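Engineer: Okay, here's the structure, questions in a sec.
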Amino acid sequence: MSHKRSGLLSGLLTGLLAALVCAAGLGAAILFQQRLPSAFMSFGRGVPVSLALSLLIAVVVALAIGAVRPRSRALLPLAALYAGGAVAAGQITGKAIMDGAALRTPGRSGAELADVTLDNLNAGLGGALSLYQGTLMQTEAAGRTLTPTGAAWLYIAVAALAAFALVALRVALVRRAQRADEAAQEEATQEPEYRAPFEPAQQPTPKPSADLFTPRDPARD
């Protein structure tokens, strides 16, 4: 199966581009989250907002891959990798720059556009990566709740699974439509059965051969 027909190469490129854009957007949202209304970010400890962003990233990646009408099932795990990787990259980049800026300029609240530097990224990269090394759940008086590590992995898993499901649906629809088109083309290109001029559509019923032991019927002969 060629790349042109399967859409594998085009899906790889468009999905990667969409993942990079989504990672940058999520990193910016994490970096400048303090500028958002406090009621908006404190609702449900920020979990609903983060889940919505993960689903949005999955939809953007899936739409980018689906725009090339893919047929290759190899794009399904790649879509999950792109979406989950975009969430992880956005988390790491945003948190690293925010922590690095706080370390270099203590006492300042909030982040500025000038804080987006390679020095701040390197300074806070260790703390950002440690986010994925803690426990997933913790026990409180109200019951078991997600830790920051558990929440980070949850957002990655939601984005990956949603992108996988959306691209799988798109691939299935494209393959079904192309099978229907191929069947219609084959039916249209089939040559009609040859029939000589004045040849009846149905062959006449042959008369039975004469039988020496059957008496003759004068009315029929």
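All of the numbers you see were taken from the coordinates with simple rules; none came from a lab. This structure is a prediction, so every number in the text was calculated from the model and none was measured. Virtual Cβ from ideal backbone geometry, glycine too; neighbours counted across all protein chains shown.
Engineer: Starting with the highest mean, order 100-106, 164-170 by the number of other Cβ atoms within 10 Å, averaged over the residues of each peptide.
Structural biologist: 164-170, 100-106
Engineer: Then there is this: Sorted by average packing, counted as other Cβ atoms within 10 angstrom per residue and highest first, what order do 123-136, 78-91, 150-163 take?
Structural biologist: 78-91, 150-163, 123-136
Engineer: Here is a follow-up. Where in the stretch 73-92 does the amide nitrogen come within less than 16 Å of the point 7 Å from the Cα of residue 179, taken along Cα to Cβ?
Structural biologist: Answer for the stretch 73-92: 73.
Engineer: Going 7 Å from the Cα of residue 112 along its beta-carbon direction, which residues of the stretch 20-45 have the amide nitrogen within less than 17 Å of the resulting point?
Structural biologist: Residues 31-35 fall inside that zone.
Engineer: Arrange the peptides 114-120, 16-22 so that the one whose residues have, on average, the most other Cβ atoms within 10 Å appears first. Each step should come with its number before you reach the end.
Structural biologist: Details: 114-120: 14.6, 16-22: 19.9.
The peptides rank, most packed first, as 16-22, 114-120.
Engineer: Give me the net charge of residue 65's neighbourhood, meaning all other residues with Cβ under 13 Å from the Cβ of residue 65; Lys, Arg count +1, Asp, Glu -1. If you can, show how the numbers build up before the last one.
Structural biologist: Details: positive: 69, 71, 73, 170; negative: none.
Every neighbour counted, the sum reads +4.
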